[in-house]
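Student: Sharing a structure, written as structure tokens. Questions coming.
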Amino acid sequence: MPRIERTVDVVWEGNVARGSGTITAGTGAFSALPFSLPTRIGNAEGRTSPEELLAAAHAGCLTMSLASELTQAGTPPTRLDVTCRVVMDEVEGEGHQIVGSQVTLRVDAEGVDDAALAGAIERADAGCPFSTLLRKAGVEVTISRA
């Protein structure tokens with residue numbers, strides 16, 4: 001696989017409590033996604049947060065990895081529904097830290113039995129760079145099926 005690089009631009013105006021910012025993808029995939037401290041710790045009100053973007057990245061990565069594993073096994077998915085919840089909590093002596101990434105999968109793939117699916121999920125998790133990154137950072141990553 002070739003080296004992959006992606007860029008976002010963030011603009012922030014004001015202090016942390018009352019300020020706000022926007023996140024824009026270098027690819028043009030999204031532009032000026034709004035975020036602020038209140039959207040991070042309270043009601044998002046249609047805005048995003050760094051944690052939500054991390055959850056999207058982890059879910060997207062794992063979904064593609066699982067689709068690849070199932071396809072290589074001869075049982076390509078017809079549909080994958082993936083939910084990822086990133087958890088940030090207070091860690092004693094370290095402040096707020098990402099402590100968990102909880103992924104729930106619903107897999108629709110003809111001809112795959114439970115054992116083969118479990119193996120594909122395990123390989124997909126091992127092959128997902130975001131799962132690896134999070135675990136190396138001490139984050140508890142859990143994957144379950146709906």
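Student: Would you check which residues across the range 17-31 are hydrophobic (A, V, I, L, M, F, W, C) and either loosely packed, with under 11 Cβ neighbours inside 10 Å or touching a Phe, Trp or Tyr at 6+ places or on another chain (Cβ under 6 Å) (or both) and list them?
Tutor: Ala17, Ala29
Student: On the given criteria, is Ala137 closer than 29 Å to Met1 by Cα, at pLDDT 95 or above, aliphatic (A, V, I, L, M) and exposed (fewer than 13 other Cβ atoms within 10 Å of the Cβ)?
Tutor: So Ala137 passes the test.
Student: Let me confirm something: among Glu94, Glu110, Glu122, which residue is surrounded by fewer than 19 Cβ atoms within 10 Å (Cβ to Cβ), more than 16 Å from Ala55 (Cβ to Cβ) and within 17 Å of the chain's Cα centre (by Cα)?
Tutor: When all the criteria are applied, what remains is Glu122.
Student: Now, a different point. Return the pair list, or none, for Cβ contacts closer than 9 Å from residues in the range 103-120 that are assigned by TED's automatic domain parsing to the domain that holds Val87 to residues that are among the charged types (D, E, K, R) and surrounded by 14 or more Cβ atoms within 10 Å (Cβ to Cβ), at least 6 apart or on different chains.
Tutor: Val103/Arg85; Val103/Asp125; Thr104/Arg85; Gly119/Glu69; Ala120/Glu69
Student: Further question on the same structure: Restricting to the range 1-49, what's the tally of residues that are closer than 30 Å to Gly127 by Cα and among the polar types (S, T, N, Q)?
Tutor: 6
Student: Of the numbered conditions (1) within 26 Å of Ile23 (Cβ to Cβ); (2) in contact with a Gly (Cβ under 9 Å, 6 or more places away or on another chain), Ala73 fails exactly one; give the number of that condition.
Tutor: With respect to (1) within 26 Å of Ile23 (Cβ to Cβ); (2) in contact with a Gly (Cβ under 9 Å, 6 or more places away or on another chain), Ala73 is out only on (1).
Student: Okay, moving on. Please give the number of the condition Gly46 fails out of (1) surrounded by 10 or more Cβ atoms within 10 Å (Cβ to Cβ); (2) within 25 Å of Asp89 (Cβ to Cβ); (3) among the small types (Gly, Ala, Ser).
Tutor: Going through (1) surrounded by 10 or more Cβ atoms within 10 Å (Cβ to Cβ); (2) within 25 Å of Asp89 (Cβ to Cβ); (3) among the small types (Gly, Ala, Ser) one by one, Gly46 breaks only (1).
Student: What single numbered condition from (1) assigned to a loop (DSSP other than H, G, I, E, B); (2) at pLDDT 95 or above; (3) in contact with a helix residue (DSSP H, G or I) (Cβ under 9 Å, 6 or more places away or on another chain) fails to hold for Arg18?
Tutor: Result: Arg18 fails condition (2) only.
The values are calculated or read from the model by the stated rules, or taken from the named source; none is laboratory data. As the structure is a computational prediction, the values presented were derived from the model and not from experiment. Cβ coordinates were reconstructed from backbone atoms using ideal geometry, including for glycine residues, and neighbour counts include every protein chain displayed.
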